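This report refers to the structure that appears directly beneath it.
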Amino acid sequence: DALSDLNCVFATTARNRYMIKETYSPESMATFANDFDGKIGILFGPENSGLSNEELSTCNHLVSIPTVGFQSYNLAQAVLIMCYTLMNKSPKNSLHLGKTSMATNQDISNFINNLERILNNSGHFKIEEKRELMMQTVKNFFLRATPTKQEINSLYGVIKSLSKSTTN
């Protein structure tokens, strides 16, 4: 059963089911989720009928997305609204950096320039026309990853070690 390892399940519904279950808005459900210490799931029903009363009875709480001018959202819209609300309400994750700090764009640029030099010296760029796109891909990867200074320094060490092993 898909719900068996969860500690709390919210069922989405557009209709009042006259069940004795607390009904949350997406925002209040997201707040609940942030404060809850356990695994939470959201159960969505099929577009044509929604969840049955039996399916709703397996859930801890209900969540209802407010609508204006129509009764319900289609499944994709409902999933999008719930995910966006959860993301928007979630506490911003803080990264424990210990004794290091985030690498600056200059740190990353210096590393990429060094990497490009080593790749060039090793003959990696066999097709010169692909060089720019390859390095752009590498740069995009490292900028998206937002590495720490320690991670960049570790990568310098890896590249130095690999460079030594290929010259022997």
Looking only at the range 135-148, which residues are open to solvent by less than 70 Å² (accessible area, probe 1.4 Å) and assigned to a helix (DSSP H, G or I)?
-> Met135, Val138, Phe142, Leu143, Ala145
Do any residues in the range 44-69 that are touching a residue at least 24 places away in the same chain (Cβ under 8 Å) and closer than 11 Å to Met19 by Cα have Cβ atoms under 8 Å from those of residues that are open to solvent by 60 Å² or more (accessible area, probe 1.4 Å) and part of a loop (DSSP other than H, G, I, E, B), where the two are at least six apart or on different chains, and which pairs are they?
-> His61/Glu22; Leu62/Glu22
Which one is farthest from Leu97 (Cα to Cα) among residues in the range 117-134 that are hydrophobic (A, V, I, L, M, F, W, C) and open to solvent by 50 Å² or more (accessible area, probe 1.4 Å)?
-> Ile127
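The values are calculated or read from the model by the stated rules, or taken from the named source; none is laboratory data. From a predicted model like this one, the values you see are computed outputs, not experimental measurements. Cβ coordinates were reconstructed from backbone atoms using ideal geometry, including for glycine residues, and neighbour counts include every protein chain displayed. The protein model used for the area step is the full one, side chains on, heavy atoms only, and it has no ligands, DNA or RNA in it. Shrake-Rupley method; radii C 1.70, N 1.55, O 1.52, S 1.80 Å.
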